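A.B. asks: Sharing a structure with you now.
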Amino acid sequence: MTNISISGLKEKTIEELTAVAEELNVEGISGMRKQDLIYAILNAQAEKSGSIYAEGVTTGWVRLSKITGLQLFAGP
């Protein structure tokens with residue numbers, strides 16, 4: 001599975017987020033709120049790839065790499 005951006009996760013329904021979380025083997029997803037599912041999915045993606053993708057005040061997104069530090073990218 002490829003990493004899904006925060007904006008991509010926000011567009012998904014609870015059912016779709018639950019399926020993504022199950023695919024990533026996230027534990028304890030039953031009864032989670034949408035924002036908690038998104039957070040859990042982002043954490044699982046970060047553990048697998050070593051990167052966290054975040055939105056912020058900028059017009060793009062930021063890739064935080066555990067190895068190389070902060071990198072800025074122009075996002076969609």
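A.B. asks: Check off (1) touching a strand residue (DSSP E or B) at 6+ places or on another chain (Cβ under 8 Å); (2) at pLDDT 90 or above; (3) not hydroxyl-bearing (S, T, Y) for I52 and give me the number that stays unchecked.
C.D. replies: Checking I52 against (1) touching a strand residue (DSSP E or B) at 6+ places or on another chain (Cβ under 8 Å); (2) at pLDDT 90 or above; (3) not hydroxyl-bearing (S, T, Y), the one that fails is (2).
A.B. asks: Which condition number does G31 fail, the rest of (1) at pLDDT below 95; (2) assigned to a helix (DSSP H, G or I); (3) not acidic (D, E) being met?
C.D. replies: (2)
The values are calculated or read from the model by the stated rules, or taken from the named source; none is laboratory data. As the structure is a prediction and not an experimental result, all values here were calculated from the model. Note that each Cβ is placed from the backbone with ideal geometry, even for glycine, and that neighbours are counted across all protein chains shown.
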